[in-house]
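Input: a single structure, listed below in structure tokens.
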Amino acid sequence: MQVKTSPREILGEHEGLAARASEVLRQNDMGGWTRAAPNLYPHQWSWDSAFIAIGLAHLDVRRAALELRTLFAHQWKTGKVPHIVFNPKAPPHSYYPGADHWACAAVSPDAPPAPPYTSCLSQPPVHAIAAWHIWEASGREGEASLSSTRVFLHDIYPRLFAWHRYLTTFRDPESSGLVTIYHPWESGTDNSPRWDAALAAVEVGDLPPYPRYDLQHVDDPSQRPTKADYDRYLWLVRLVKMAGCDEGTIYRSHPFLVKDVLSSAILVTANEALLDIARVVGAPDGDRELIAEWIERGRRGLDECWDPDLKLCLDYDLRAAKPLRVRTVAGFAPLIAGRQSPERLEALLEVLDSPAFMGHPELRWPLPPSTSPQDLGFRPLSYWRGPIWPIVNWLLWRSLLRAGKSERAEHLRRMSLEQLSDGGFGEYVDPFAAEPLGSTRQSWTAAVALDWLANGLR
Ligand code: 2M8
């Protein structure tokens, strides 16, 4: 990767941090795409790539655009963007389930030609936000950069549109405005207690023994999902493949079918970015009307999931026909979707500031744990069950800015940077001891650090 902007130009008081973050992205750079992390995740992950592009936009706008181009080159015919594009050069025994296990191209006529193979699942749609970010970064560089990014936007727009159409049709046959997921991996918040009740109802059939390479890459296996979780994850993959990845068949037969409020909220705000892109590329009026409709429908859907007692938004289990009553950061979905009534916004901020999240007295930094320390499912060291995730902080920070809450946003940015300065670019962070956990040198953590640093200068 050619770094055009010196990290020194984007820093402020965290000079060393910018250089270290750039170095993480450089080390994980595979040419046209970036490994999510060097050891634990040696492939291209969908929403990781979107965050990575947001960070790269501050270093090299063209390389940032290439990150998304490479990912979208593996888009399925249905419009689905696969959650993993497998790196054919990944060391053997580095990640399970790897390309051989998925081999989705063999079961679905909609999969792109392989290799590289892709997974059959999806992840939250942060990509249009990243593409718009790249456009804005180009704007700061001047006309030459803008004109090359204009070409990128023209190329990527139809792909982004197809991706969002996939989510608003195949993943929302009820027209509820909410995205249905088939697997906790699709939420990106894999073993969050959000999914415990819905997963518990999944009966696992015969599974051959399988390796847990992921456990080799963390200090303590209890930071990763349990064997019971993994059995269910692999069983659900088996079922998706047995259904030939056919959306209708999955919808009829799959035991795990959940409306995910965080993905749905990200889709709303990504649709706003898509509308901006549609304007730049002069997309047909019909597209723009449809995108505007998706935005409205998404907000209405989230309204339906509001729990007035918890003052949070709740996921909905379609199989059990009931909300999943767990207090996690996903509950702030309406904040991420944006344009809430002043009363709803105040209610959300009150909960965010309360001891249930950022106001918890034992937190090292006032940053939101992925699961509320007051929830029974909270585990401070375990993956999505409690630790702090910098990318989640980034989503909340961006949402606060868009809601006009600039002081709060700035506080969140500063605290997040302090945490990263102290602990480095771990995958997730113990909310109490502030130890970085999971993978080291996680690309998306470095990427959001770069964006925060650059934002301190504007
Ligand atoms: C984690 O998920 C993968 C499966 O997709 C895993 O645990 O093996 C999640 O944190 C997910 O959100 C993230 O995209 C991925 C790569 O960073 O790792």
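Just one residue in the set Ile391, Ile336 is surrounded by fewer than 23 Cβ atoms within 10 Å (Cβ to Cβ), within 16 Å of the ligand (Cβ to nearest atom), of a type in the set (A, V, I, L, M) and at pLDDT 95 or above; that residue is Ile391.
Note on the stretch 230-253: residues that are outside any helix (DSSP H, G or I) and of a type in the set (A, V, I, L, M) total 1. Annotation note: of Leu376, Leu367, Leu395, the sole residue that is within 20 Å of Ala333 (Cβ to Cβ), part of a loop (DSSP other than H, G, I, E, B) and of a type in the set (A, V, I, L, M) is Leu367.
When you go through Asp214, Asp190 one by one, which is the residue that is touching a residue at least 60 places away in the same chain (Cβ under 8 Å), farther than 27 Å from Phe332 by Cα, within 13 Å of the ligand (Cβ to nearest atom) and surrounded by 15 or more Cβ atoms within 10 Å (Cβ to Cβ)?
Working: Asp190 fails: farther than 27 Å from Phe332 by Cα.
Criteria check complete, one pass: Asp214.
Exactly one condition in (1) in contact with a His (Cβ under 9 Å, 6 or more places away or on another chain); (2) free of Cβ contacts under 8 Å to residues at least 24 places away in the same chain is false for Leu121; which is it? It fails just one condition, (2). In the stretch 262-273 there is at least one residue matching the filter, namely being closer than 15 Å to Asp190 by Cα and within 16 Å of the ligand (Cβ to nearest atom).
In this structure, Thr149 does not qualify as away from the ligand (no atom under 15 Å from the Cβ), surrounded by fewer than 19 Cβ atoms within 10 Å (Cβ to Cβ) and among the β-branched types (Val, Ile, Thr).
Enumerate the pairs (first residue in the stretch 40-56 and within 12 Å of Ile129 (Cα to Cα) and more than 7 Å from the ligand (Cβ to nearest atom); second residue anywhere and of a type in the set (Lys, Arg) and modelled with pLDDT of 95 or more) with beta-carbon separation below 9 Å, excluding pairs fewer than 6 apart on the same chain, so at least 6 apart or on different chains. These pairs meet every condition: Ala53/Arg63.
Please pick out the residue among Ala131, Ala137 that is among the small types (Gly, Ala, Ser), more than 16 Å from the ligand (Cβ to nearest atom), under 27 Å from Val329 (Cα atoms) and buried (at least 22 other Cβ atoms within 10 Å of the Cβ).
Working: Ala137 fails: under 27 Å from Val329 (Cα atoms).
One residue alone meets the criteria, Ala131.
Scanning the stretch 353-361 for residues that are in contact (Cβ under 8 Å) with a residue 60 or more places away in the chain and either touching a helix residue (DSSP H, G or I) at 6+ places or on another chain (Cβ under 6 Å) or closer than 26 Å to Gln44 by Cα (or both) turns up nothing.
Of all the listed residues (Arg385, Arg364), the sole one being under 24 Å from Ala36 (Cα atoms), of a type in the set (Lys, Arg), at pLDDT 95 or above and surrounded by 18 or more Cβ atoms within 10 Å (Cβ to Cβ) is Arg385.
Mind listing whichever residues of the stretch 155-186 are in a helix (DSSP H, G or I), within 16 Å of the ligand (Cβ to nearest atom) and crowded, with 23+ Cβ neighbours inside 10 Å? Matches in the stretch 155-186: Pro184, Glu186.
The values are calculated or read from the model by the stated rules, or taken from the named source; none is laboratory data. The model shown is predicted, which means the values in this text are computed figures rather than measured ones. As a convention, Cβ positions derive from the backbone with ideal geometry for all residues, glycine included, and neighbour counts pool all protein chains shown.
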